[in-house]
Amino acid sequence: MVRKSISCISLLFIGYGISYFCFDKYNTLKDLSHNELLIGEYFSKSNIVTSNNSNQITNKEEKYISILEIPKIKFKRGLYKQDSPENELSKNIIFLDSSDMPDKKNSTVIIVGHSGAPSNAYFKNLYKLNIKDSIYLYYNNVKYTYNVSDIYEIKKNGTLALESNKDNKTLTLVTCKGIDKQLVIISTLTKEEKLS
């Protein structure tokens with residue numbers, strides 16, 4: 001009798017685990033599809049919806065204002081306005097409230113995202129970056145090219161103290177590394193290219 005109870009409980013846990021895994025994978029694929037749709041719209045600048053298909057963007061839906069691309073790790077993800085309800089770390093990579101936008105003189109752009117196991121661990125491969133790797137940020141019809149200039153870790157304590165570079169535009173990416181550290185990647189602007 002005890003063995004049957006243990007077997008039933010074990011089967012329930014295995015079933016729950018499989019269900020959670022499938023649900024997480026479904027949400028990840030759904031999120032990737034939605035991200036690609038919004039990225040496509042960002043680059044096409046088309047706000048007209050011609051279909052009632054649920055995969056279409058509606059005019060009421062938040063749209064990306066910027067795209068972050070990191071070729072080395074095959075990463076491409078959009079960002080929402082800082083005051084958008086979608087600019088939330090549990091949903092996406094985000095601009096910190098204190099972040100500048102890249103078109104500001106000597107801007108310090110700060111983007112943070114999760115790493116680790118959940119489906120929103122968008123920065124899980126950030127640790128693979130090296131000095132001089134390229135990072136692209138698209139904003140207001142301009143492609144900003146940055147090269148990684150510094151990589152370091154800091155103790156995770158709920159705050160992030162960064163020194164601004166008053167002479168250059170910088171892009172800082174921040175994510176967790178383990179449970180008690182944060183990985184900080186600083187890159188310096190090397191090129192601004194107006195898109196047609």
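What follows is calculated from the coordinates using simple rules that are stated; it is not laboratory data. Model, not experiment: these values are computed from the prediction. Quick reminder, even Gly has a Cβ in these numbers, built from the backbone with ideal geometry, and neighbours come from all protein chains shown.
Some points to look at:
- Each pair of Cα atoms in region 116-196 enters the Kirkwood radius, and Stokes-Einstein at 37 °C and 0.692 mPa s then converts it into a translational diffusion coefficient of 236 µm²/s.
- Applying a DSSP loop filter and a limit of 11 other Cβ atoms within 10 Å to the trypsin sites (Lys or Arg not before Pro) in region 153-196 leaves Lys166.
- Applying a DSSP loop filter and a limit of 16 other Cβ atoms within 10 Å to the trypsin sites (Lys or Arg not before Pro) in region 119-151 leaves Lys132.
- Extended-chain gain in nm, criterion 0.36 nm per residue less alpha-carbon gap, Asp180 and Leu89: 31.0 nm
- The GluC sites (Glu not before Pro) of region 116-192 that meet both conditions, a loop assignment by DSSP and at most 14 other Cβ atoms within 10 Å of the site Cβ, are Glu163.
- Residue-by-residue Karplus 3J(HN,Hα) for region 75-84, coefficients 6.51, -1.76, 1.60, Hz, glycine and proline x: 10, 8, 8, x, 10, 9, 4, 4, 8, 7
- Put simply, the amide H of Thr190, placed in the peptide plane, has neighbours under 5 Å in Thr145, Tyr146, Asn147, leaving out anything fewer than 5 places away on its chain.
- Total charge dipole magnitude, region 66-194, about the Cα centre, Cβ charges on Lys, Arg, Asp, Glu only, Debye to nearest 20: 380 debye
- Neighbour-count order for Val184, Val109, fewest beta carbons within 10 angstrom listed first: Val184, Val109
- Residues with amide H under 5 Å from that of Phe75, placed H, sequence gap 5 or more: Ile70
- The slack between Asn141 and Glu62, meaning 0.36 nm per residue of separation minus the straight C-alpha distance, is 26.6 nm.
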